[in-house]
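Q: Quick one: structure below, then a few questions.
The values are calculated or read from the model by the stated rules, or taken from the named source; none is laboratory data. None of the values given here were measured: they were computed from a predicted structure. No Cβ is skipped: glycine too gets one built from the backbone with ideal geometry, and neighbour counts run over all protein chains shown.
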Ligand SMILES: Cc1ncc(COP(=O)(O)O)c(C=O)c1O
């Protein structure tokens, strides 16, 4: 047992916590000190069932020995190597393994350190690709209302969550947004892809016409929008986006930071929906969340468009000090092997019906106005407290934590995304806990 278990920080003020109600937290801290498989342990020794795979990332469960050992071995052998103009074998090995499991044609991978960086990288690749092809007039980027693409300037510009954007000035210019696909009046309590709203993809055609296709570089969407509260694409929606992009030579970017690595019961969202994008952003589950890492997958044609000019020149002026860090690669390889050995990339499909039935059994619980589910993702939307949006769901989060289950809330939506190793009994535990919590919240 680590001696950190016994440490109690005596001053919580120095650390400005991300996406946190800092003052509330510091009055009543919720401290996690260790973790194993499906559970966290708190500083007061309580076990908490992880209903969110950390932040949608610990897909193989916590502190998996194979991943831990791979990190330890790599740290002792080659801790760091420069990523620019130098290489090390493990990064090439990891890239090969990744492209071999990626949707067909996504043959190259660019490493980053997070989902946000993957998004910035993808947007830059899209712009630079068109320019390399002699189409420099294609500078516009199209995102979607309620989209979440991380927190950097490109990501919040194409993103559509108001609170994440409104404080930060003019953002990128030349960005437009498609409408979101949330139609609770028509699709409430749908299991899987909703029936209504596929035609919302045609709004892309309208936006492209407005700006003229010759100015549009790329469209970016999450196959399933996660952080905004789990919005599942209506039937036919993503295929239609693909058709419109093809028609106008616009690149389609799937932000698979959440949907990548088994979350929907397939390796990627692209596999689930049978739609292959031109660029795919990933992070989180790529290393089981253990070491920060992201990867951007691109089609051969996009990569090859850069491979021009004198061979001694850098082809793409972009990269991070830690792109393809050897320890992150070691964690990534051990993670992929764990997913493969344990069949985790398709476990969401095996457990999907059970998960869905369990979640939808909460339909009659107090305040529930919608339940959405796909793969091992779920959302329970609550009626907001009059005049105090988000308060009811936040209070559900606090109560669930007290009762030993970690959930996540966004607005008045409870979002669930457990590690893919979850057992049926643990699904029941989450749902039973939520039923109790919902009878207790105001
Ligand atoms: C779809 C999507 N893109 C990007 C990000 C940002 O990832 P990170 O927090 O690793 O920067 C997230 C994080 O939740 C995400 O869900």
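Q: Would you check which residues across the stretch 258-280 are within 11 Å of the ligand (Cβ to nearest atom) and more than 16 Å from residue 101 (Cβ to Cβ) and list them?
A: If the condition is that a residue be within 11 Å of the ligand (Cβ to nearest atom) and more than 16 Å from residue 101 (Cβ to Cβ), then 258 is the only one that fits.
Q: Please go through the stretch 184-224 and pick out each residue that is away from the ligand (no atom under 16 Å from the Cβ), closer than 21 Å to residue 413 by Cβ and touching a helix residue (DSSP H, G or I) at 6+ places or on another chain (Cβ under 9 Å). Give the steps one after another, and end with the answer.
A: Within the stretch 184-224, the subset away from the ligand (no atom under 16 Å from the Cβ) is 184-217.
Then drop every residue that is not closer than 21 Å to residue 413 by Cβ, which leaves 184-197, 200.
Within the stretch 184-224, 189, 191, 192, 193, 194, 195, 196, 197, 200 meet the criteria.
A quick yes/no check of all residues on (1) over 13 Å from residue 287 (Cα atoms); (2) surrounded by 13 or more Cβ atoms within 10 Å (Cβ to Cβ):
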{"site": "21", "(1), (2)": "yes, no"}
{"site": "37", "(1), (2)": "yes, yes"}
{"site": "40", "(1), (2)": "yes, yes"}
{"site": "45", "(1), (2)": "yes, no"}
{"site": "52", "(1), (2)": "yes, yes"}
{"site": "57", "(1), (2)": "no, yes"}
{"site": "65", "(1), (2)": "yes, no"}
{"site": "75", "(1), (2)": "yes, yes"}
{"site": "81", "(1), (2)": "yes, yes"}
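Q: What residue, among those in the stretch 123-164 that are farther than 17 Å from residue 176 by Cβ, assigned to a helix (DSSP H, G or I) and in contact with a helix residue (DSSP H, G or I) (Cβ under 9 Å, 6 or more places away or on another chain), is nearest to the ligand (Cβ to nearest atom)?
A: Across the stretch 123-164, the extreme among qualifying residues is 164.
Q: Examine the stretch 235-254 for a residue that is within 13 Å of the ligand (Cβ to nearest atom) and under 15 Å from the mean Cα position of the chain (by Cα), and state whether such a residue exists.
A: To start, the set of residues in the stretch 235-254 that are within 13 Å of the ligand (Cβ to nearest atom) comprises 253-254.
Then drop every residue that is not under 15 Å from the mean Cα position of the chain (by Cα), which leaves 253-254.
Checking the stretch 235-254: at least one residue is within 13 Å of the ligand (Cβ to nearest atom) and under 15 Å from the mean Cα position of the chain (by Cα).
Q: Right, something else. Select from the stretch 347-405 the residues that are without any contact (Cβ under 8 Å) to a residue 40 or more places away in the chain and at positive phi and write down the one among them that is farthest from the chain's Cα centre (by Cα).
A: The selected residue is 387.
Q: Taking strands (runs of 3 or more DSSP E) that do not extend beyond the stretch 365-419, which have at least 1 residues that are surrounded by fewer than 17 Cβ atoms within 10 Å (Cβ to Cβ)?
A: Working: elements: 368-374, 377-382, 408-410, 413-416.
Per the criteria, 368-374.
Q: Pick from the stretch 101-116 the residues that are within 16 Å of the ligand (Cβ to nearest atom) and surrounded by fewer than 24 Cβ atoms within 10 Å (Cβ to Cβ): which of them is farthest from residue 220 (Cα to Cα)? Show your work before the answer.
A: Let us first name the residues in the stretch 101-116 that are within 16 Å of the ligand (Cβ to nearest atom), namely 110-116.
Checking the rest, the ones that are also surrounded by fewer than 24 Cβ atoms within 10 Å (Cβ to Cβ) come to 113-114, 116.
Working: 113: 19, 114: 17, 116: 13 Å.
This residue is 113.
Table: residues versus (1) in the same structural domain as residue 126 (by TED's automatic domain parsing); (2) crowded, with 17+ Cβ neighbours inside 10 Å; (3) not in a helix (DSSP H, G or I).
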site	(1), (2), (3)
171	yes, no, yes
186	yes, no, no
195	yes, no, yes
204	yes, yes, no
220	yes, yes, yes
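Q: Looking at the structure I just gave you, is residue 181 within 16 Å of the ligand (Cβ to nearest atom), touching a residue at least 60 places away in the same chain (Cβ under 8 Å) and part of a loop (DSSP other than H, G, I, E, B)? Walk me through how you get there before you give the answer.
A: On the way: within 16 Å of the ligand (Cβ to nearest atom): yes; touching a residue at least 60 places away in the same chain (Cβ under 8 Å): no; part of a loop (DSSP other than H, G, I, E, B): yes.
Considered against the rule, which asks whether it is within 16 Å of the ligand (Cβ to nearest atom), touching a residue at least 60 places away in the same chain (Cβ under 8 Å) and part of a loop (DSSP other than H, G, I, E, B), residue 181 comes out as no.
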